[in-house]
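Data first, discussion second: the structure below is written as structure tokens.
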């Protein structure tokens, strides 16, 4: 325990900053991120326009691919990782994601029910006939 | 004395992860600045999530106007996406060059980033102008209002990013790689990468999901 008292990393790392790496390693990191992002993008565009896969699975696949690509961007471009010096950045990200999930999920949920319970006037007229 | 040492120890390692810093003091300014900007970016993403939510609610309210599948052109969106992805990469190269204080690669990376950003903006502007010319402007239907506000808001961010990019090149030209200029460069790189993340959501949700509807 006592030999861990003074570690060489004394502070949290800034978002966007990496731990100490040589220039070559940093460039390789960006290249890997770019290749992964291009692959995921190409897959998204391919899946959206193809008849080869079961059609109802396409929206789910697109959303999964989008989330995966956002993760690739976060790790390889913004350098938000799970290291102990990155805790604050990840916590802020987690809170942001919570709010995003509440806003988008809550809106879609509530407005979907509103449309069901209070259909527009022309639909009500059709129901009465 | 022993008492204060214990208290200090508990305070330095509140979660007992064996990572103890006795007197850390204030973090370096680079960390503080970038963290504050990171919090701003997250709030910006929350704002975009409201536009996404509005779009998801209004996407079927076309008021007998065009549906998404009738006005979206996949080829243009693919070109825009590749432009933004490559510009994120060159922006990363420019920030590495700034960290090692290499002017040539910094200017080159930033210039390529700027050109790719401008290509993206030109394609998007042409798409908007075409839609308005065909009578499908933002006032045509609730769907088009939501579409123009979501995609246009991202486009405004990219425009602001291009202006910021040119400012950073001018500042490096005039002031060199000073600590404060490097901090601004770091914030700019975060901003540009975050815009790319939002564009991933835009092309997936608006263009690809919308073309199937």
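The values are calculated or read from the model by the stated rules, or taken from the named source; none is laboratory data. Quantities reported herein were computed from a predicted structural model and do not represent experimental measurements. With ideal geometry, Cβ positions are generated from the backbone for all residues, glycine too; neighbour counts draw on all protein chains shown.
Yes/no per residue for (1) exposed (fewer than 14 other Cβ atoms within 10 Å of the Cβ); (2) modelled with pLDDT of 90 or more:
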site: A:8; (1), (2): yes, no
site: A:16; (1), (2): no, no
site: A:19; (1), (2): yes, no
site: A:40; (1), (2): no, yes
site: A:45; (1), (2): no, yes
Is there a residue in the stretch B:182-194 that is in contact (Cβ under 8 Å) with a residue 40 or more places away in the chain and either more than 14 Å from chain A (Cβ to nearest Cβ) or more than 16 Å from the chain's Cα centre (by Cα) (or both)?
yes
Having 3 or more residues that are facing another protein chain (nearest Cβ under 7 Å) is the bar; report the helices (runs of 4 or more DSSP H) wholly within the stretch A:49-129 that clear it.
A:58-72, A:87-117
Only one residue in A:33, A:29 is within 24 Å of residue B:31 (Cβ to Cβ) and facing another protein chain (nearest Cβ under 8 Å). Which one?
A:33
Looking for whichever is more than 8 Å from chain A (Cβ to nearest Cβ), free of Cβ contacts under 8 Å to residues at least 60 places away in the same chain and crowded, with 17+ Cβ neighbours inside 10 Å here; the options are B:202, B:206. Which one fits?
B:202
When you look at residue A:81, is it touching a helix residue (DSSP H, G or I) at 6+ places or on another chain (Cβ under 7 Å), at pLDDT below 95 and closer than 27 Å to residue B:105 by Cβ, yes or no?
yes
Do we have any residue at all in the stretch B:63-71 that's at the interface with chain A (Cβ under 9 Å from one of its Cβ atoms) and free of Cβ contacts under 8 Å to residues at least 40 places away in the same chain?
no
Enumeration of residues in the stretch A:102-117 that are closer than 30 Å to residue A:73 by Cα and either touching a helix residue (DSSP H, G or I) at 6+ places or on another chain (Cβ under 7 Å) or surrounded by 11 or more Cβ atoms within 10 Å (Cβ to Cβ) (or both):
A:102, A:103, A:104, A:105, A:106, A:107, A:108
Among residues of the stretch A:72-101, those that are closer than 14 Å to residue A:13 by Cα and crowded, with 19+ Cβ neighbours inside 10 Å, counted
5
Going residue by residue through the stretch B:104-113, is there one that turns out to be modelled with pLDDT of 85 or more, within 11 Å of chain A (Cβ to nearest Cβ) and surrounded by 19 or more Cβ atoms within 10 Å (Cβ to Cβ)?
yes
